[in-house]
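A short write-up of the structure that comes next.
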Amino acid sequence: MAERVILITGASSGMGYAATQLFAQHGWEVYAGARRVEKIPTGSVIHPLYLDVTDADSRLQFVKDALADGLRVDVLLNNAGYGEFGPLEEVSVEKVHKQLETNLVGASELTKLVLPQMRQQGSGRIVNNSSIGGDVYSPLGGWYYVTKRGLNVWSDVLDTEIRQFGLRSVIVAPGGTESSWLDIAMDNVSDNLKPDSPYTTLTDATRKLLGGMLNTSEATAKDLAKVFYRAATERHPKRRYYYSIADRLLSRLARNHPSIYHESMSFLVNALTKNK
Ligand SMILES: NC(=O)c1ccc[n+]([C@@H]2O[C@H](COP(=O)([O-])OP(=O)(O)OC[C@H]3O[C@@H](n4cnc5c(N)ncnc54)[C@H](OP(=O)(O)O)[C@@H]3O)[C@@H](O)[C@H]2O)c1
């Protein structure tokens, strides 16, 4: 069987790192990109490449390097991302742009670079690592949730456009998963909070809420890599993939009963804020 080829973004840590190892174990050629290229796993079928998804030249070079070996591209896993957390009033417009460029525009621009090759092959799949945060939300993560909800819509529209060529675009929506993600998001809260901010009480309460919710989750990056593998290889892919039933149900609740979700979240945050 010809080599199967995957391009993975955000391969230096967490789920992208685990996915790079898993696809390599299954014999795929893995073109693995991140800014900290030295942290990408190594192996005979792994090609670590520098990639900053927010930089057009870097995106182009990444795809050029991957295609230079003359192989196919079966899957692009758009995984790179982070949480630009902080109160909406206090997140600077520069940080807003960075969040949109990393989590959403980077994925869409990389996809544009691989679609011609996939169309020529008559097969290929875009697997997008979104989040249950595409449906649910909390204080402090406003722009992060915007990018994940946006990624969901973008993937669905893309799927309707490329199916005619034998290609598909799907979403994986993890809930809390062991990785560097929470620490980075919480560091960003501290960076974004202004001195004498009126949001310190809310921020402390929300940190507690998110820390509690994410730390009780038992999902590991390796668990999510297995979900990516299913999303990449199932003959008839689904529109959405979840790791757990709890993630699926929570997303469904927020989607189908937005007012109930909204009031419950507000009640919870209010109670935590009052307890401070
Ligand atoms: N962990 C969770 O609870 C959770 C839940 C739902 C969804 N997610 C999503 O899952 C994805 C993976 O996150 P993770 O949990 O595995 O977190 P992580 O351990 O922090 O890994 C994030 C990866 O993204 C890469 N990245 C960030 N900015 C980048 C840029 N500009 N260019 C290229 N790569 C960049 C990082 O690489 P470099 O810094 O080396 O570039 C790193 O490899 C993200 O999209 C995240 O939003 C996470």
At a Cα cut-off below 14 Å, give the aspartates and glutamates reachable from K238, other chains included and same-chain residues fewer than 8 away excluded. D156, D159
Putting +1 on Lys and Arg Cβ atoms and -1 on Asp and Glu Cβ atoms, find which of N192, V227, M213 reaches farthest to the positive end of the dipole of segment 182-267. V227
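Based on Cβ point charges of +1 for Lys and Arg and -1 for Asp and Glu, what charge dipole magnitude is obtained for segment 5-274 about its Cα centre, in debye rounded to the nearest 20?
I would put it at about 940 debye.
Here is the link list: K98/K222; K148/K208; K64/K95. Which ones come out longer than 32 Å on Cα distance?
Details: K98/K222 27 Å; K148/K208 22 Å; K64/K95 29 Å.
Listed pairs above 32 Å: none.
For the chain, which span is the longest to avoid every loop-located (per DSSP) member of GluC sites (Glu not before Pro) having at most 13 other Cβ atoms inside 10 Å?
On the way: sites that count: E3, E218, E234.
Excluding the exposed sites themselves, the longest stretch runs over 4-217.
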Within the set D223, D204, D156, GNM on the chain using Cα springs under 10 Å gives the largest fluctuation to D204
I want to verify a result. In a Gaussian network model of the chain, Cα cutoff 10 Å, which of these has the top mean-square fluctuation: F85, F165, F62? F165
Max mean-square fluctuation residue, GNM over the chain, Cα-Cα springs under 10 Å, options I184, I260, I132: I260
Can you tell me the alpha carbon radius of gyration of the chain divided by the globular rule-of-thumb value 2.2 N^0.38 Å? 1.01
Taking the Cα centroid of segment 29-63 and of segment 240-271, what is the distance between the two, rounded to the nearest whole Å? 35
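Bear in mind that the values in this text are calculations on the coordinates, not laboratory data. Remember, it's a predicted structure, so these values are computed and weren't measured experimentally. Virtual Cβ from ideal backbone geometry, glycine too; neighbours counted across all protein chains shown.
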